[in-house]
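Novice: Just dropping this structure here.
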Amino acid sequence: MLFAVLASVIRVPGGIISDKFGGIKTIFVSILILLFGSLILTFSTGIFPAIIGLICLSIGMGITNAGVFKLVPAYITKAIGGGAGWVGGLGAFGGFVIPPILGYFVDSQGKAGYANGFSTFILLSFISLGCIGLLKKGEN
């Protein structure tokens, strides 16, 4: 519950940051925070590093959410509502798909799967960074 609350609350300052620095820069930095948290969660063995990793993951997700919604009006100028609906729907879809993937790691690897499952977020972070690179390249 605290993970979701932090990710939700951090969206407000994330929106302010996005307004100040732009969506792409904000998303880039927040994905790096998310990646850092994912690496900690995948490779740490203690509870305190894991808590730090979860906090980073939550902050990264919340700020990324704000940055993405900053980009919608810039890239989908004639259908902002529809674009925001797609973004929200895809976010909800991720919340539906990712937990079973994490569960698969636990089912197939036992206790080690709890940490190894967070490698899913490492992969998704790199894919997201690639997408941000494409958006940035399209701006030039």
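Novice: Using the basic label-point model (7 angstrom from Cα toward the beta carbon), what is the PHE3 to ILE51 distance in nanometres?
Specialist: 1.6
Novice: Suppose every K and R has +1 on its Cβ and every D and E has -1 on its Cβ; what is the size of the dipole of the chain about the Cα centre, in Debye to the nearest 20?
Specialist: The dipole magnitude comes to about 300 debye.
Novice: Which peptide among 29-37, 5-13 comes first, and what is the full order, when sorted by highest mean count of other Cβ atoms within 10 Å?
Specialist: 29-37, 5-13
Novice: For P(r) over Cα pairs in 10 Å bins from 0, in percent, the choices are (1) 12, 44, 33, 10, 1; (2) 10, 34, 40, 15, 2; (3) 12, 39, 34, 12, 2; which was calculated from the structure?
Specialist: After the calculation, the listed value that fits is (3).
Novice: Summarise the accessible area of segment 1-111 (1.4 Å probe, protein heavy atoms) by the percent that is carbon and sulfur.
Specialist: Roughly 78 percent, rounded to a whole number.
Novice: Counting only heavy atoms of protein chains, what accessible area per residue, in Å², does segment 49-137 have with a probe of 1.4 Å?
Specialist: Counting only protein heavy atoms, the per-residue value for segment 49-137 is 58 Å².
Novice: Another question, then. Can you return the lysines within cross-link range of LYS20? Criterion is Cα-Cα under 27 Å, with same-chain partners fewer than 8 residues away left out.
Specialist: Reachable lysines: LYS70, LYS78, LYS136, LYS137.
Novice: Here's another thing I want to ask about it. Normalised by the residues of the chain, what does the relative contact order come to in percent, with Cα pairs under 8 Å and at least six apart?
Specialist: Computed over the chain, the figure is 30 percent.
Novice: Determine how large the accessible area of THR26 is when every protein chain is in place; take a 1.4 Å probe and give Å² rounded to the nearest 10.
Specialist: Result for THR26: roughly 10 Å² accessible.
Novice: Show me, for segment 30-46, the HN-Hα J-couplings you get by feeding each phi into the Karplus relation (A = 6.51, B = -1.76, C = 1.60, θ = phi - 60°), rounded to Hz, glycine and proline as x.
Specialist: 5, 5, 4, 5, 4, 4, 4, x, 5, 5, 4, 5, 6, 10, 7, 10, x
The values are calculated or read from the model by the stated rules, or taken from the named source; none is laboratory data. All values reported here derive from a predicted model rather than from experimental measurement. Counting neighbours? That spans all protein chains shown, and the Cβs are built from the backbone with ideal geometry, glycine included. Just so you know, the surface numbers come from the protein's heavy atoms only, side chains and all, with ligands and any DNA or RNA stripped out. Shrake-Rupley method; radii C 1.70, N 1.55, O 1.52, S 1.80 Å.
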